[in-house]
Structure formats: structure tokens, C-alpha cells
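Worksheet for the structure shown next.
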Amino acid sequence: MLFDTHAHLNDVQFADDIDEVISRAKANGVGYILTVSTDIASSVENITLSQKYDIFYAAVGVHPHNAVNQNNSIISILKDFASYPKVVAIGETGLDYYYDNSPREVQRLWFSKQISLAREARLPVIVHDRDAHEDTLAILKSEGAKDVGGVFHCYSGSVEMAREVLDLGFMISIAGPVTFKNARKLLDVVKYVPDDMLLIETDSPYLAPEPNRGRRNEPAYVKLVAEKIAKIKGKSLEYICETTTSNAKRLFGIQ
């Protein structure tokens, strides 16, 4: 049984064939999908998906790209969403200094606000971190994120940073780029991260793994990520599937 811990199934790219996407996921052994939000509208959409499909759980939050558009009422709305059945995390939130679609000080403000919300709601945090490693770790530490834990999704940092992430009690999630030919640094990270702190994801519809790179990604392809990790770690596919699913269920409080 596989758990795709990060997908965006509310995306318009899935509007016409969501049922077929789910069928393919189940046929490839996927039993759980966490569909992750980037703003209030997508939070509503993902809650609705989680209520409609047994395979879905939802995370609610505001992506750093969208931080510039927020006002103080957003936190109270997200707080209400956090109490809904099958909402199991806050996110994705964090910092993105690559695109800088929102001013950095605004990104930092809303990241801090959502960590505070996660602590109040007793939910883990799904962290987006791109070219902002130092500030991301500093804010997580200063806001007491260790109290609730969480995951660095689609991890792109070094082994040295992974050590700090793990010290905070955060898991590390590996996505399709681990299958790319230039993924040498990520291979070292996979070898380093303890099995019980590792998650897998697709980030659908983005970052499809080989041999589907460049196409629309979907949860069925999380099996390709698991296969690559099994090869890197010298473990069986069954073991990686069982372990990463168990880790995800523990993090997100799913029985």
C-alpha cells in the first residue's frame, strides 16, 4: 500500500478525468493521497475532494507564492477548515526565494502565522522551501514547530541540511526528481535519511518521474519513486511501501 503524501488533485489538469486518475492510482497500489492546498479556494476544493473520495485526505494553507494576497481574516478561516474531518495538516506553507512571487518579508510573516495555527490546531506542517533553507529553518525553530512536526516536501536540500530538518523532528519527502539523471545530491539524501523519517510523493501534476518526465504527473507514479528509493537503499519495494505509508499515517494521525 502506497501513500502519495503531496498532490494537487484540485488542479484544473484533473478536472476531466479525476475518477480515472484515482482508478489508476488504486491499480498501482496507492491507498492514500494527501491533496494539498495553496490558498483559500484550493483549501475548499481539497476539503470537498476528501469528503467525496475515501482515498483522499486534505491539507489546508497558503503557499508563499500567494502570501502577498492575504489579509488577517485568512487565519480564522484556515482555523475553521482545520477542524474538518480528514484535514490532517497545515500547508503547503513556507518560503520560495527562487520565484519571489511575494515579497520575502510577507512570505516570512505568513509562514510564521501558519506555524502558529498548526500548533494551535495540533496539526503537522507541510513545508515548501526553495532557495530559502536558512530562513526556513530559523522560522521553524523560532515558532516552535518542533511541537507539531511536519515534512519538508519535495526535498531539494543537502545532507547537511537534512540533519537539521531531522533534528527538528520533521520528516523528509522525496518526489519524482530522485529518478532524474542529475539527482546525485538527492541520492545521498535518500541514503542518509532514516527509514522511519522518510515519505514519498508526486507533487502532481508537476515533476513526473522518469520515464514520464515532461508529462502530467499523477498519484499512480508514486510507485516509481518508491521503486527508485528501494534501489538506492537496497531494500525491497514492499518494505519501502510499507514503511513510508506507516510513517505518513503516524505523522498525519491516520488510523
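The values are calculated or read from the model by the stated rules, or taken from the named source; none is laboratory data. Note that the structure is a prediction, hence the values are computed from the model and not measured. Ideal geometry is used to build each Cβ from the backbone, glycine not excepted, and the neighbour counts take in all protein chains shown.
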Checking PRO205 against (1) over 19 Å from ALA25 (Cα atoms); (2) surrounded by fewer than 21 Cβ atoms within 10 Å (Cβ to Cβ), only one condition comes out false. Which one? (1)
Looking at this structure, is THR245 under 22 Å from VAL87 (Cβ atoms) and touching a residue at least 40 places away in the same chain (Cβ under 8 Å)? yes
Quick check on ALA58: is it in contact (Cβ under 8 Å) with a residue 60 or more places away in the chain, buried (at least 24 other Cβ atoms within 10 Å of the Cβ) and either outside any loop (DSSP other than H, G, I, E, B) or of a type in the set (D, E, K, R) (or both)? no
Quick one: which of GLU218, GLU201, GLU227 is acidic (Asp, Glu), under 20 Å from ALA183 (Cα atoms) and touching a residue at least 60 places away in the same chain (Cβ under 8 Å)? GLU201
Say whether the condition of being within 13 Å of the chain's Cα centre (by Cα), part of a loop (DSSP other than H, G, I, E, B) and either among the acidic types (Asp, Glu) or crowded, with 24+ Cβ neighbours inside 10 Å (or both) is met by at least one residue in segment 1-17. yes
Considering residues of segment 130-155 that are under 23 Å from LYS185 (Cα atoms) and touching a helix residue (DSSP H, G or I) at 6+ places or on another chain (Cβ under 6 Å) only, the residue surrounded by the most Cβ atoms within 10 Å (Cβ to Cβ): PHE152
Do any residues in segment 33-52 that are in contact (Cβ under 8 Å) with a residue 24 or more places away in the chain have Cβ atoms under 8 Å from those of residues that are of a type in the set (Gly, Ala, Ser) and assigned to a helix (DSSP H, G or I), where the two are at least six apart or on different chains, and which pairs are they? ILE33/ALA25; LEU34/ALA248; THR35/SER50; SER37/SER43
Expected output for segment 82-96 (first residue within 15 Å of ASP203 (Cβ to Cβ), partner of a type in the set (D, E, K, R), Cβ below 7 Å, 6+ apart or cross-chain) is GLY94/ASP129; ASP96/ARG130
Taking the residues in segment 202-242 that are among the hydroxyl-bearing types (Ser, Thr, Tyr) and touching a strand residue (DSSP E or B) at 6+ places or on another chain (Cβ under 7 Å) as candidates, determine which candidate is farthest from LYS185 (Cα to Cα). SER204
Within segment 70-108, which residues are out of contact with any helix residue (DSSP H, G or I) (no Cβ under 7 Å at 6 or more places or on another chain), surrounded by 14 or more Cβ atoms within 10 Å (Cβ to Cβ) and either at pLDDT below 95 or not in a loop (DSSP other than H, G, I, E, B) (or both)? GLY91, GLU92, ARG104
Please enumerate the residues belonging to segment 1-48 that are among the aliphatic types (A, V, I, L, M) and closer than 30 Å to TYR239 by Cβ. MET1, LEU2, ALA7, LEU9, VAL21, ILE22, ALA25, ALA27, VAL30, ILE33, LEU34, VAL36
Which one of these is touching a Ser or Thr at 6+ places or on another chain (Cβ under 8 Å) and farther than 27 Å from PRO85 by Cα: VAL189, VAL222, VAL178? VAL189
